[in-house]
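Nothing in this text is a laboratory measurement; each read-out follows from the coordinates by a stated rule. These numbers were taken from a predicted model, which means no experiment stands behind them. Quick reminder, even Gly has a Cβ in these numbers, built from the backbone with ideal geometry, and neighbours come from all protein chains shown.
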Amino acid sequence: MNWRVRLTRWDLILLAITAVGVVLAVVRYAGGIGSVANINNAYPWGWWVGFGIMTMIALGGVGFTITLLVEILGRHRYHVLLRPAVLMGLLCYASAIVMLMVELGRPWKVWMILVSWAPSAALYEVGWCAFLYLNVLVLEFAQVPLEELGWGRALKVLRVIYIPIMLLGVTLSHLHQSSLGTLLTLIPHKINALWWSDQLPLIFLFSAMMAGPALAILEHLVAARWLGFPPNMDMLAGLARIEAWLVGLLLVFRIGDLVVRGAVDAALSGTSFAASFWVEIGFGLLLPLVLLMMPEVRESRAGLATACSLVVAGVLLHRLNVAVFGLRVRHWETYVPSLGEIGISLGIAAGAAFVFGVLVRILPIHEELPPTSSAPESRAAAPAAAAWHGARGVS
Amino acid sequence: MTTPSAKPKAMIQDNTRCIGCRACMIACKSWNNRPADHTEFFAGPGYQNPVDLDANNYTLITFNEIVTGAQPDWVFGRQLCMHCAHPACASACPTTALTKTALGPVVFNESRCIGCRACMQACPFLIPKYDYENLNPKIHKCTFCADRIETGLKPACATVCPTAAISFGDRDDMVAEAKRRIATAPGTYIPEIYGLDDVGGTSVLHLSSVPFEQIGYITGLPKTPMPDLTHRWLRVTPHFFALLYAVFGALTWIMHRRSSRAESKDKDHTT
Amino acid sequence: MTTDRPSRISGFRVVLALVLLVNLILTIALITQVREIQQRVARLPADLATKRDVASLRPLQVRQIIQKNCVECHSARRLGVTVSMEPTEIRGTVERMQTHPGANIPERELERISASIMVVRCARCHDEGTLNLMVLKTQPERIATVRRMAALPGSGVRPDQVTAIAQAFEKLLSQ
């Protein structure tokens, strides 16, 4: 394991942003939420929930989506995306939990969820599933550093339990991604007709699944440029085709849901809600779909980067629209995220990005694996775990 | 003092008798030890003060100028926790900090609160409020004076109302009384009891001389309990879990067999 | 496998595909809206409001004003003499009534009472519902209507009284 990492200026920028976030977080803890945030009684959930928690968990879906693709559906063509995806998932969920510690009014009591029994509360299910899933992600990813450290016995244990916990992780992800949507089905009278739906759980789940491959493609392209290896454009083109299907299906689902609920007139009205809706659909679904359907886009780095960034931005905008912007409140009530809120959330994201950047340089996360599926001595282990074997073939 | 009956309680808020004196607001603050506020007059609709419920004001009289004849007249309304039969707040709370008691009140156990504010999002009447400036913040809302009614007293607001606009008793009696008032004075009341079956029934029944949306009430709510909306998704969680785990497990095994069969085929070809 | 240079991404194709997609969505949206309107129109009741229904939403209230201010002291029959009075005579009469102790006629009601008495002469031929239709007209239309009525034989209204009567209607509406 190469511990020596030279910090680039990107690292320093990320650290600086993280530092700002830490300072603001200290202010939050010293002075209460009201001292840094604009959330109020009309908007109890704001930027922190919309971006810092809901979007982070949606983007963390890259972990279970790529795992589903590679390990469960057996598309080993994409195995090189698996480690980065799981690491990104781990960091996204960790970021969401850190954000939660800032966002909660009493974060020191968060363990109460684990000792309560509240099956009627969507947040209860989200809390438990996210907690368990974070553990799963840690156990899945731990194979990489353990392999580097050469701790063979611990590694063997992890490999034995890999299949069951991998299945557990993917299943849990389906549950809590959809439960975040279930949470918001409780307030049909409060969310604008453009975003409330009785199918919100499915919309949340499908949009998280759509965000997964997009984020994986983006990461591969960025890492290729930053770490200096040639991106596997063939593989990315294949994944982009799958992504096109996912975007198209979600688009049909969203529009169909709008039509079935009779909310089309809301989309055609001249309100700011309608404008935000069309920006979300247009830039987050329509434009990426058009781009990803074109082979020349799928084979071009810039094209893929653009299309996938738009998909990710669309998911962010959707979460913000549903949880914050689309709320109906009385006419004198307003909310605009404060700089403190944005600063803390960006600090957390920057911190996660910094950790990611360091880990990809000291651990073999992007190494290309040998073309054959497994070395003979690992035949005893399930071939599904072959994707995790490093190039050094430690057994 | 007679032994209090154990039947669920309810309150009638008769807005035709309300004179807007706000004694109920004072009594409530007094009983719940809420501090005085520095407010800004005319910050919201008319003479209503404070503008909305908040961490220090658990009930509020809304001031509304309604034109019923030739001239506008005052019609007052009251905002307070409705203590629903099927509270959305209690169903949304992940730590069961809000619970519905047998006597009617939805009570808040602050030792369990983690400050997630899901109850604030869930409540269709927009009741729970938060004290964001506090370093140890918690949810604030009307308690129905649960501690008072347990000993047979009436809630503070019902006790001080000078015009008997607030009545308190067993819910069955209160429903019957509300219906009786409408039936015997149809010109005075509109034929609607706010809270009778809204969101599945509440413990506070409001009567009015004008439509409720004109005096600051939230209307258009379904007659079915709000928690039903999430319940139909959450109750299939265990089945969903088992089904997905089985399906994914089966898929993994099928794919494993396929790839190992392909491997052994390769091995045969190379040997 | 060698890959050729990726072909250029045609911006034109992107825009074209986007426009087609947006058009498709808007077409679906419009179809649903048209269907909804069709359903709503089909659900409209067969009998719609008449002019009288609309006018009765903002009635002149002539009878109520006279009832409230005059009939307490003397019967409505006493008003019969007013149908031949000039506008100034009516005004003077009401002002005289105001000086009587116990009359309780508020100052601001003076105009309305005089105007109400002014239009009582129309009740010779028309019922309250018909008079209410004046509510829906503009002032020039009201003047033209009164002039037309005055020209009818047996109306009892002189041409020079037309303006005063039309103004009385206007006063009743502006309150």
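Here are the numbers for the structure shown:
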read-out	value
Estimated FRET transfer efficiency (C:Ser7, B:Glu263; beta-carbon r; R0 30 Å; 0.05)	0.20
Reach of C:Lys68 by Cα under 20 Å, taken over lysines that are not fewer than 8 positions away in the same chain	C:Lys171
Phi-based couplings in Hz for the stretch A:195-210 (Karplus 6.51, -1.76, 1.60; Gly and Pro marked x)	10, 6, 7, 6, 9, 3, x, 5, 4, 5, 5, 5, 6, 5, 5, 6
Whichever aspartates and glutamates have a C-alpha closer than 14 Å to that of A:Lys156, once near sequence neighbours (fewer than 8 apart) are set aside	A:Glu140, A:Glu147, A:Glu148, A:Glu377
Total formal charge among the other residues, if their Cβ is under 14 angstrom from that of A:Arg153, Lys/Arg +1 and Asp/Glu -1	+1
B:Ala6-A:Trp245 FRET efficiency (beta carbon distance; Förster radius 41 Å; 0.05 resolution)	0.10
Free-standing Cys residues across chain B, given no other cysteine C-beta under 4.7 angstrom	B:Cys18, B:Cys21, B:Cys28, B:Cys84, B:Cys93, B:Cys113, B:Cys116, B:Cys123, B:Cys145, B:Cys161
Shielding of C:25-32 by partner chains, average beta-carbon count, 10 Å	5
Taking chain B and dividing mean pair separation by its residue count, relative contact order in percent (alpha carbons under 8 Å, at least six apart)	24
10 Å Cβ neighbours from other chains, averaged over peptide A:143-153	0
Inter-part distance where the stretch A:239-272 and the stretch B:135-159 are each reduced to a Cα centre, Å	47
Spatially proximal lysines relative to C:Lys51 (Cα-Cα < 19 Å; intrachain offsets below 8 disregarded)	C:Lys137
Convex hull of the protein assembly as shown built on C-alpha atoms - directionally averaged projected area, nm²	49.6
Loop sites in the stretch B:209-271: trypsin sites (Lys or Arg not before Pro), DSSP, at most 12 other Cβ within 10 Å	B:Lys223, B:Arg235
Alpha-carbon centroids, the stretch A:3-42 and the stretch B:31-104: separation in whole Å	37
In range of the label at A:Trp108: residues from the stretch B:136-154 whose backbone nitrogen is under 12 Å from the point 7 Å along Cα→Cβ	B:136-137
Cα-projected label distance for B:Tyr47 with C:Glu36, points at 7 Å along beta-carbon direction, nm	4.2
Selection from A:Leu218, A:Ser35, C:Ala55, by position along the positive dipole direction of the protein assembly as shown (Cβ)	C:Ala55
Angle in degrees between helix A:82-103 and the longest Cα principal axis of chain A, rounded to the nearest 10	40
Exceeding the 19 Å Cα-Cα cut-off - candidates B:Lys29/B:Lys141; B:Lys9/B:Lys154; A:Lys190/B:Lys100; B:Lys7/B:Lys138; B:Lys29/B:Lys179	A:Lys190/B:Lys100; B:Lys7/B:Lys138; B:Lys29/B:Lys179
Cut-off under 5 Å, modelled amide H: who pairs with B:Lys9 long-range	B:Gly104, B:Arg171
B:Thr151-C:Leu48 pseudo-label distance in nm [points 7 Å out on the Cα-to-Cβ vector]	6.7
Nearest-0.05 FRET efficiency for B:Thr99 and A:Val358, computed from C-beta distance (R0 60 Å)	0.80
Phi-based couplings in Hz for the stretch A:158-164 (Karplus 6.51, -1.76, 1.60; Gly and Pro marked x)	4, 5, 5, 7, 4, 4, x
Separation in nanometres of the label points that stand 7 Å from Cα toward Cβ, at B:Arg180 and A:Ala302	8.2
Amide proton proximity set for B:Arg78, modelled H, under 5 Å, gap of 5+	B:Thr62
Cα gyration tensor shape of the stretch A:132-260, rounded if a/c is under 1.5, else prolate or oblate by comparing a/b with b/c	oblate
The stretch B:183-224 residues near the modelled B:Asp73 label - backbone nitrogen below 11 Å, point 7 Å along Cα→Cβ	B:188-189, B:209-210
Cα Rg, Dmax (largest Cα-Cα span) when computed across the stretch A:9-389, Å	20.9, 70
Inter-chain Cβ neighbour average for residues A:32-45, partner chain, 10 Å	5
Dimensions (Å) - chain B, Cα atoms, principal axes, largest first	102, 47, 45
Amide H within-cut-off set for B:Gln48, under 5 Å, with H built and near neighbours excluded	B:Phe63
Percentage of interatomic Cα-Cα distances in the stretch B:197-243 larger than 17 Å	53
